[in-house]
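Inspection log for the structure reproduced underneath, given as structure tokens.
Read-outs: derived from the displayed coordinates by stated rules, not from any lab. A quick note: this is a predicted structure, and the numbers were derived from the prediction, not measured. As a convention, Cβ positions derive from the backbone with ideal geometry for all residues, glycine included, and neighbour counts pool all protein chains shown.
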Amino acid sequence: MRLLPVQVSGAPMAEEVPLEVLTVGGARVSFASGTDVDYVARLVAALRRAAC
């Protein structure tokens, strides 16, 4: 599995913060707070395979 580079913001955390993924193609995908990060990782990996 290849890891994606991420940038961490210094913004204060709110109670419900959505998880956002910026794809290599520039699409921003938002997920609800509490979404299983393993699911997001599998989805991003599938998107990357489909783009090749």
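Observations
- Gain upon complete extension [Leu47, Ser30; 0.36 nm per residue less C-alpha separation]: 4.7 nm
- By average C-beta atoms within 10 angstrom, highest first, the peptides 20-32, 36-48: 36-48, 20-32
- Calculated from backbone phi, Karplus (6.51, -1.76, 1.60) coupling profile of the range 24-36 in Hz, x at Gly/Pro: 4, x, x, 6, 9, 10, 9, 10, 5, 4, x, 5, 4
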